[in-house]
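Below is one structure, written out as structure tokens; the observations come after it.
The values are calculated or read from the model by the stated rules, or taken from the named source; none is laboratory data. Treat the numbers as computed from the prediction; the structure is a model and nothing was measured. Every residue, glycine among them, receives a Cβ derived from its backbone with ideal geometry; neighbour counts consider all protein chains shown. Remember, those area values only see protein heavy atoms, side chains included, never the ligands or the DNA or RNA. Shrake-Rupley method; radii C 1.70, N 1.55, O 1.52, S 1.80 Å.
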Amino acid sequence: MAASPHTLSSRLLAGGAGGCVWYLERRAAQGSPHRFMHLFRNAGKQWVTFQHFAFLKRMYVTQLNRSLRQQIKPKSEPMTSSFLEKSSSSQAKAEVYEMKPFAPSSLSLPRKPNETKLIELEPASIIEGSVDVGKETKDEKQWKEMKLRVDDLPGILARLSKIKLTALVVSTTSAGFALAPGPFDLSCFLLTSLGTGLASCAANSINQFFEVPFDSNMNRTKNRPLVRGQISPLLAVAFATCCAVPGVALLTWGVNPLTGALGLFNIFLYTCCYTPLKRVSIANTWVGAVVGAIPPVMGWTAATGSLDAGAFLLGGILYSWQFPHFNALSWGLREDYSRGGYCMMSVTHPALCRRVALRHCLALLALSAAAPALGVTTWTFPAIALPINLYISYLGFRFYVDADRKSSRKLFFCSLWHLPLLLLLMLTCKRPADRDGGQPRS
């Protein structure tokens with residue numbers, strides 16, 4: 001059957017179109033590999049592998065999971081304080097303890113009479129135990145006053161009265177009594193030493209009573225009995241009164257009125273002048289030096305009953321010795337004194353502190369030379385006391401020049417052995433008394 005012209009033309013047209021499509025597909029297939037590989041080259045001319053696609057896949061998954069975690073946040077638990085936790089736990093315990101146990105009659109199983117007694121006693125013991133625990137926790141939270149034991153009382157009173165300082169005061173009083181001319185009266189010496197020691201204990205106790213708020217700020221004095229609350233202020237004042245009254249009475253009626261008056265004046269000067277002046281002016285150092293110079297004068301007056309040149313000489317030696325001693329001590333405690341609010345030369349006038357210490361070290365040389373001229377010692381004393389006086393003067397000069405803790409520490413420790421050695425040398429070189437009048441021979 002012959003094809004019509006219409007169908008023939010359509011076949012030719014479809015064949016031509018198919019041939020064109022086949023040609024274009026073949027052309028694209030031949031050039032596509034080069035273009036595809038060219039697109040997937042990186043800057044370093046390295047071929048892209050399947051590891052790069054795996055890495056991109058992992059990055060996408062992690063980013064997706066992170067966004068999901070950020071959208072769904074867990075609810076944070078509220079923060080509760082330890083006090084609320086303790087209270088809630090105690091309330092829970094109380095609620096548990098308040099629950100009444102089942103009575104033995106409600107139980108279906110039969111029990112022995114001993115077992116029923118135990119069941120009845122168990123909840124009562126639990127409740128009592130919970131009450132005891134609650135009381136212990138309340139007692140621990142409350143402030144407790146330190147209980148004073150009788151065994152600790154002597155040590156506490158010794159620290160309250162500054163027993164080491166009191167021993168130094170008594171030793172200087174004894175030296176003044178021994179250096180005085182005239183025969184040695186043992187009973188008068190013991191009464192003088194006891195009365196002076198009691199007066200010193202009273203003055204030191206009142207001093208600590210007044211300085212409790214300031215001593216608590218200093219590392220040097222924060223462990224004192226009144227600061228720590230080991231004794232009450234009333235007990236401290238009562239102890240000071242019990243020391244001052246018999247001490248002044250012994251010095252007045254047991255020795256002589258002049259020595260008793262000096263003891264009473266020294267208590268007043270230390271407690272009512274020196275103690276408050278420490279927070280006002282640097283003049284407290286000079287007032288404190290006068291307080292320390294009176295005990296050897298009291299020893300002299302106890303033996304002689306009068307104020308002679310020898311008494312003022314001993315007072316002058318103690319007066320000058322205290323400046324290198326205390327100024328060197330306060331130099332290493334400048335931060336402590338400033339924290340406590342005390343007005344000391346080492347804090348406010350450091351140059352004056354060093355200058356005064358050197359000045360009084362040199363004054364000890366002059367006072368030692370004046371001792372034989374006033375008839376207290378022989379002329380041997382200035383010669384044998386010259387080495388130790390020169391040594392403390394040298395340390396005072398080093399303290400004046402260096403102005404450091406090392407030089408101040410050396411001067412302070414030297415002053416601790418200088419004074420007792422100087423007084424001992426004075427005793428060994430004491431001028432013998434005349435047999436007729438009891439006065440030293442010229």
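Checked against the criterion of being in a helix (DSSP H, G or I), of a type in the set (A, V, I, L, M), surrounded by fewer than 20 Cβ atoms within 10 Å (Cβ to Cβ) and touching a Phe, Trp or Tyr at 6+ places or on another chain (Cβ under 8 Å), segment 246-258 has no qualifying residue.
Only residues that are open to solvent by 10 Å² or more (accessible area, probe 1.4 Å) and within 13 Å of T285 (Cα to Cα) were counted across segment 343-353, and they come to 5.
Please go through segment 220-259 and pick out each residue that is among the small types (G, A, S) and either at pLDDT 95 or above or under 37 Å from the mean Cα position of the chain (by Cα) (or both). Can you show your working first?
We begin by selecting, within segment 220-259, every residue among the small types (G, A, S); these are 229, 232, 236, 238, 240, 244, 247, 249, 254.
If the condition is that a residue be among the small types (G, A, S) and either at pLDDT 95 or above or under 37 Å from the mean Cα position of the chain (by Cα) (or both), then G229, S232, A236, A238, A240, A244, G247, A249 are the ones that fit.
Quick one: count up the residues across segment 164-220 that are touching a Cys at 6+ places or on another chain (Cβ under 6 Å) and of a type in the set (A, V, I, L, M, F, W, C).
First, pick out the residues of segment 164-220 that are touching a Cys at 6+ places or on another chain (Cβ under 6 Å): 166, 198, 201-202.
Those still in the list that are of a type in the set (A, V, I, L, M, F, W, C) too: 198, 201-202.
The number of residues fulfilling the criteria is 3.
Candidates in segment 278-288 are the residues that are touching a residue at least 60 places away in the same chain (Cβ under 8 Å) and not polar (S, T, N, Q); of these, the one that is surrounded by the fewest Cβ atoms within 10 Å (Cβ to Cβ) is V280.
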